[in-house]
Amino acid sequence: MTDRGRQLIRVGARGSKLSLAQATWVVNRLAEVSPDYQFDLQVIKTSGDADQRTPLAAMGGTGVFVKELERALTEGEIDLAVHSAKDLPATLSEEFCLAAVPQRALVEDVLISRSGKKLLGLPEGAKIATGSPRRRAQMRKLRPDLVAVEVRGNVDTRLRKLGEGDFDAIILARAGLVRLGLEDRITEILSTADFLPTPGQGALAVEALLKNDRAVSIAREISNLRFEAALAAERSLLKALQAGCSLPIGGWARWVDGNKLIMDAVVLSLNGSMSVDAHSETDRISEAPSLGEQIAEKLMQQGAGEILNDGT
């Protein structure tokens with residue numbers, strides 16, 4: 001128990017400025033709908049944050065920002081963990097559950113350039129920073145003459161490196177910049193036709209121990225069934241492809257016309273020279289997971305497996 005007899009719910013998050021902004025947003029929503037509880041935000045250090053040099057793909061990609069938060073859940077240090085949904089592995093261990101998927105933010109990628117020029121206007125050989133294999137592949141497909149530069153660190157660090165001239169431009173997620181109040185830095189919002197976002201981009205995921213009924217019930221109060229369904233479709237795509245964020249895969253599910261869930265997906269080679277894409281839709285929320293599976297099957301029929309295994 002805590003002040004005025006309110007029970008305490010501990011919410012864990014990574015220590016980056018963006019992660020804390022996201023977790024604070026979640027805590028505020030929880031406090032609005034569950035005023036009888038007190039919510040305490042706790043910082044959990046992760047291996048992905050501790051090592052700012054090694055490319056995420058070399059560290060194992062999906063999960064490097066997750067496992068320490070899951071350990072904290074298991075050991076009772078926290079009751080809920082707030083993740084960027086794109087950081088989660090496609091399948092959670094059986095003791096965990098996604099207790100909530102709140103309202104999703106904007107999903108697009110954006111370009112910030114030192115010169116103020118848009119992607120198509122950048123000079124040949126310009127250095128573009130991104131730590132994402134998907135973004136590099138999509139950039140190379142559109143502009144094979146540009147040079148991709150690996151970059152790690154939080155958003156502030158990346159923008160500082162851009163300002164110091166380490167590279168000419170950087171590609172980031174629009175949602176993160178908006179959450180940090182940095183939307184005015186954006187040079188260009190990249191079209192989803194060229195830069196289909198990674199599954200889960202712009203979405204938050206609140207994770208809990210399945211057996212922690214109280215925490216799960218509280219988190220459910222801020223979940224959005226339609227955003228849950230869209231994320232389920234995107235995660236089922238990754239599961240069916242046996243892939244994570246270390247591979248160049250784009251997937252985006254969204255509701256249109258009020259009652260239709262549509263999804264697009266793309267698989268690219270690392271150098272962007274090969275790609276296959278697919279589309280599917282449903283009007284039943286219960287069919288969201290199978291929607292991702294259908295698209296994965298379409299992609300595999302077009303040779304996605306060979307592209308993913310090619311390594312170029």
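The values are calculated or read from the model by the stated rules, or taken from the named source; none is laboratory data. Worth saying up front: this structure is predicted, and the values here are computed from it rather than measured. With ideal geometry, Cβ positions are generated from the backbone for all residues, glycine too; neighbour counts draw on all protein chains shown.
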Checklist entry - Which of the residues that make up the range 72-124 are acidic (Asp, Glu) and assigned to a loop (DSSP other than H, G, I, E, B)? => result 75, 77, 79, 94, 95, 108, 124
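Modelled with pLDDT of 95 or more and buried (at least 22 other Cβ atoms within 10 Å of the Cβ): is that true of residue 73 in this structure? Steps first, answer last, please.
Values: modelled with pLDDT of 95 or more: yes; buried (at least 22 other Cβ atoms within 10 Å of the Cβ): yes.
In short, yes.
Within the group 217, 236, 246, 223, which residue is within 20 Å of residue 91 (Cβ to Cβ), hydroxyl-bearing (Ser, Thr, Tyr) and part of a helix (DSSP H, G or I)? Let's see the steps before the verdict.
Values: 217 fails: within 20 Å of residue 91 (Cβ to Cβ); 246 fails: part of a helix (DSSP H, G or I); 223 fails: part of a helix (DSSP H, G or I).
Exactly one residue qualifies, and that residue is 236.
Results for (1) farther than 27 Å from residue 143 by Cβ; (2) out of contact with any helix residue (DSSP H, G or I) (no Cβ under 7 Å at 6 or more places or on another chain), shown as yes or no for each residue.
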| site | (1), (2) |
| --- | --- |
| 271 | no, no |
| 274 | no, no |
| 278 | no, no |
| 291 | yes, no |
| 297 | yes, yes |
| 309 | no, yes |
Checklist entry - Among the residues of the range 262-272, is any outside any strand (DSSP E or B) and of a type in the set (Asp, Glu)? => result no
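Mind checking which residues of the range 104-135 are under 13 Å from residue 178 (Cα atoms) and of a type in the set (A, V, I, L, M, F, W, C)?
105, 106, 107, 110
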Checklist entry - What residue, of 229, 203, 219, 215, is surrounded by 19 or more Cβ atoms within 10 Å (Cβ to Cβ) and under 13 Å from the mean Cα position of the chain (by Cα)? => result 203
Checklist entry - Scanning for something closer than 12 Å to residue 240 by Cβ and assigned to a helix (DSSP H, G or I), does the range 273-289 turn up at least one residue? => result yes
Checklist entry - Would the range 224-233 turn up any residue that is farther than 21 Å from residue 140 by Cα and in contact with a Gly (Cβ under 7 Å, 6 or more places away or on another chain)? => result yes
Item to check | The listed residue being aliphatic (A, V, I, L, M) and touching a Leu at 6+ places or on another chain (Cβ under 7 Å), out of 172, 146 | outcome: 146
Checklist entry - In the range 153-167, what count of residues is obtained for those that are within 22 Å of residue 65 (Cβ to Cβ) and surrounded by fewer than 18 Cβ atoms within 10 Å (Cβ to Cβ)? => result 5
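Can you go through 307, 285, 249 and tell me which one is under 27 Å from residue 176 (Cβ atoms) and among the β-branched types (Val, Ile, Thr)?
Working: 307 fails: under 27 Å from residue 176 (Cβ atoms); 285 fails: under 27 Å from residue 176 (Cβ atoms).
The conditions single out 249.
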Item to check | All positions within the range 266-305 that are crowded, with 16+ Cβ neighbours inside 10 Å and on the phi > 0 side of the Ramachandran plot | outcome: 272
